[in-house]
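A short worksheet on the structure shown next.
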Amino acid sequence: MLSKSIQEALNKQVQMEAESSQAYLAMASWTEIQPGLEGVSNFFYQQSDEERQHMLKLVRFINERGGYAMVPALEQPMVTFPSIKKLFEEYLNHELKVSNSINDLVHLSLSEKDYATHNFLQWYVNEQIEEERVARTLNDKLELIGDDRSGLYLFDRDIMNYRGKE
Ligand code: FEO
């Protein structure tokens with residue numbers, strides 16, 4: 001059975017994952033209407049789907065453990081971007097925020113001796129290591145590319161190779 005505070009914190013994480021899904025959907029949509037960024041757009045459509053899966057996993061866990069997962073209201077995410085570089089910075093910052101939030105949850109579960117929740121959260125801890133790695137790699141690549149159009153062409157073509165999940 002979940003304590004009230006853990007239930008609340010998990011529900012907040014539901015909201016965060018849902019907002020991640022929305023944020024990446026907005027990135028997918030914006031890059032889809034820019035010329036030559038089909039690869040980046042596909043990448044973010046896929047990221048958006050994954051975040052929805054992260055959210056669903058939490059919803060199912062909360063309910064399974066005797067809590068109630070409340071579907072949250074969501075704020076509109078950033079829908080236009082000054083540059084592709086800024087978009088990817090935003091992506092990394094977002095993932096860092098998610099990691100912090102997961103870490104706080106892990107801390108809370110330990111302090112309340114809720115080992116079932118602690119165990120459940122390990123999947124998210126590992127997932128965040130991978131997500132941060134991907135986001136950092138992509139930002140590093142863009143830094144190297146600078147204003148080189150042919151570099152951006154290759155970046156767009158190869159972006160799925162950096163996911164490391166297929
Ligand atoms: Fe589910 Fe990328 O945080």
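The values are calculated or read from the model by the stated rules, or taken from the named source; none is laboratory data. Here the structure is a predicted model, which means the values were calculated and not measured. Using ideal geometry, Cβ is built from the backbone for each residue, glycine included, and neighbour counts are taken over all protein chains shown. Heads up: the accessible areas ignore ligands, DNA and RNA and are worked out on the full protein's heavy atoms, side chains in. Shrake-Rupley method; radii C 1.70, N 1.55, O 1.52, S 1.80 Å.
Tabulated results
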{"item": "Residues that are touching a residue at least 40 places away in the same chain (Cβ under 8 Å) and loosely packed, with under 15 Cβ neighbours inside 10 Å, drawn from region 56-70", "result": "G66, Y68, M70"}
{"item": "Test: residue in region 53-70 that is closer than 30 Å to L152 by Cβ and within 16 Å of the chain's Cα centre (by Cα)", "result": "yes"}
{"item": "Residue selected from region 120-143 under the condition free of Cβ contacts under 8 Å to residues at least 24 places away in the same chain and of a type in the set (S, T, N, Q), by the criterion nearest to the ligand (Cβ to nearest atom)", "result": "N126"}
{"item": "Test: residue in region 19-38 that is within 22 Å of Y115 (Cα to Cα) and surrounded by fewer than 19 Cβ atoms within 10 Å (Cβ to Cβ)", "result": "no"}
{"item": "So L152, is it away from the ligand (no atom under 15 Å from the Cβ) and without any contact (Cβ under 8 Å) to a residue 12 or more places away in the chain", "result": "no"}
{"item": "Selected residue (only one of Q22, Q76, Q34 is at negative phi and within 14 Å of the ligand (Cβ to nearest atom))", "result": "Q22"}
{"item": "Residue within region 112-119 that is open to solvent by less than 70 Å² (accessible area, probe 1.4 Å), at positive phi and without any contact (Cβ under 8 Å) to a residue 40 or more places away in the chain present", "result": "no"}
{"item": "Test result for A9, over 16 Å from the mean Cα position of the chain (by Cα) and within 16 Å of the ligand (Cβ to nearest atom)", "result": "yes"}
{"item": "Count of residues meeting criterion [open to solvent by less than 70 Å² (accessible area, probe 1.4 Å), out of contact with any helix residue (DSSP H, G or I) (no Cβ under 8 Å at 6 or more places or on another chain) and under 21 Å from K97 (Cβ atoms)] in region 130-166", "result": "1"}
